[in-house]
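> Below you'll find the structure I mean.
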Amino acid sequence: MDIEKKQTFLINILFYGVILALVFFGFKYVVPILTPFISAFIIAWLIQRPVKSLARRFNINNKVVGIGLLIFVYLFIGGLIITLAMGLFSYVGDFFAELPSIITNDIRPFLDDIGMNFTEMVASLPSGIQEGFLAALQSLDTALDNLVAAISSWTIDFATGLVTAIPGFFISLVLCIISSFFFVADYERVVGFAISHMNAKVRRFFNDLYRFIKDKVIVVIKSYATIMAITFLELTIAFFIIGLDGFIWIALGIAIFDILPVFGTGGIMIPWALLMFINGNITLGIELSVIYVIVTIIRNIIEPKIVGGNLGLHPVLTLASMLIGSHFFGVVGLFGCPLLISFILYLHKEYGEIKL
């Protein structure tokens, strides 16, 4: 390799490194600030097709139809959220109202029985072994105290962070709603203004990006709908086998909850199993634990294959990109990083190899 080729190689490496760094810092620091406006534009873009269809059918101005449809969507979503929140708060309120009786009637007798059985077992052992057991018990007690303190600290920090984040979330939500009405009312002007200030290469890039997102986002939605359907089927069969009442609705609720990356199936199954163990229903607790393990293993196997297969990525590459994306960008990175890699491969396929 001569000097000129080496210089070209290093310049290209530096160029693409700077581009990647700008993209990283943009997504890390700039995009979160602009999220309300980006979300508002995406909402306006998503409803353009039904807006145009309804406007043609009823011979009404696009702006009027768009604003009316947007009002309907927000009222529907707001009503649904309020209904679900009221049901959740009612359930949580009932749970905390019954918590003292659960502790008195279930948890405390359960722990007393364990302590009594352990004391009787230790008392029947030789004195030297008793001392070892008591030392181990003291260490376990200290570890449990540290665990409780850590959980309490985490709970306080989480609650504080949640309360602190509510005003910012509310402001972002209001900005998103207001901006979406402006974007819907002036959608054509906004898009036309943006296109008019792009050169041919940038315009071509965004056209490719638009086509890619139009195809692949639908593919990703279908992929996770498939995963949710598989999880629902697994849980329905498992709950039917162990004889749960209302197993279909329970399975449906958990399958929907499983789509949430932070909580997943474990957000319901683990506390449910622990509650059964505490209540003395050991059999059901074991059954729920086994079901959770099986569902989690199958989910971790099929998710990279289904999502990666639909995006044209190898399952290992899909899994790695999901882990890296979630580490740096949270939920957005979990879904967005595989899409970004798929888009890069799409550009590579469309325009050939990038020669460094």
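> Taking the range 262-304 as the search range and keeping residues that are surrounded by 14 or more Cβ atoms within 10 Å (Cβ to Cβ) and outside any helix (DSSP H, G or I), which one is nearest to the chain's Cα centre (by Cα)?
Checking each candidate, the answer is G264.
> Right, here's the next one. Within the range 1-45, track down each residue that is at pLDDT 85 or above, more than 23 Å from S326 (Cα to Cα) and of a type in the set (A, V, I, L, M).
Result: A40, I43, A44.
> Additional query: Being assigned to a helix (DSSP H, G or I) and either at pLDDT 80 or above or hydroxyl-bearing (S, T, Y) (or both) narrows it down to one of K222, K216, so name that one.
Only one candidate passes the filter, namely K222.
> Any residue in the range 335-355 that is of a type in the set (G, A, S), modelled with pLDDT under 75, on the phi > 0 side of the Ramachandran plot and over 21 Å from the mean Cα position of the chain (by Cα)?
Yes, the range 335-355 contains a residue that is of a type in the set (G, A, S), modelled with pLDDT under 75, on the phi > 0 side of the Ramachandran plot and over 21 Å from the mean Cα position of the chain (by Cα).
Table: residues versus (1) touching a helix residue (DSSP H, G or I) at 6+ places or on another chain (Cβ under 9 Å); (2) among the β-branched types (V, I, T).
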{"residue": "E188", "(1), (2)": "yes, no"}
{"residue": "F193", "(1), (2)": "no, no"}
{"residue": "M198", "(1), (2)": "yes, no"}
{"residue": "V202", "(1), (2)": "no, yes"}
{"residue": "Y224", "(1), (2)": "yes, no"}
{"residue": "E234", "(1), (2)": "yes, no"}
{"residue": "I250", "(1), (2)": "yes, yes"}
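> Still on this structure, please answer the following. Residue check: is L244 closer than 24 Å to L323 by Cα and either out of contact with any His (no Cβ under 7 Å at 6 or more places or on another chain) or not in a helix (DSSP H, G or I) (or both)?
No.
> Take the conditions exposed (fewer than 15 other Cβ atoms within 10 Å of the Cβ) and of a type in the set (S, T, N, Q) and apply them to T236. Does it pass?
Criteria not met by T236.
> Something else: Restricting the first residue to the range 7-34 and requiring it to be over 19 Å from G336 (Cβ atoms), which pairs with a second residue that is hydrophobic (A, V, I, L, M, F, W, C) and at pLDDT below 70 meet a Cβ separation below 9 Å and a spacing of at least six or different chains?
T8/L356; F9/M1; F9/L356; N12/I354; N12/L356; I13/L356; Y16/I354; Y16/L356
> Here is a check on your reading of the model: is Y210 of a type in the set (S, T, Y) and surrounded by 15 or more Cβ atoms within 10 Å (Cβ to Cβ)?
no
> Would you please name the residue that is surrounded by the fewest Cβ atoms within 10 Å (Cβ to Cβ), looking only at residues in the range 305-338 that are more than 22 Å from G267 (Cβ to Cβ) and aliphatic (A, V, I, L, M)?
Ranking the qualifying residues of the range 305-338, first place goes to V316.
> Based on what the data block shows, is A255 farther than 24 Å from F335 by Cα, in contact (Cβ under 8 Å) with a residue 24 or more places away in the chain and crowded, with 16+ Cβ neighbours inside 10 Å?
No: the conditions fail for A255.
The values are calculated or read from the model by the stated rules, or taken from the named source; none is laboratory data. Note that the structure is predicted; figures quoted are calculated from it, not measured. Every residue, glycine among them, receives a Cβ derived from its backbone with ideal geometry; neighbour counts consider all protein chains shown.
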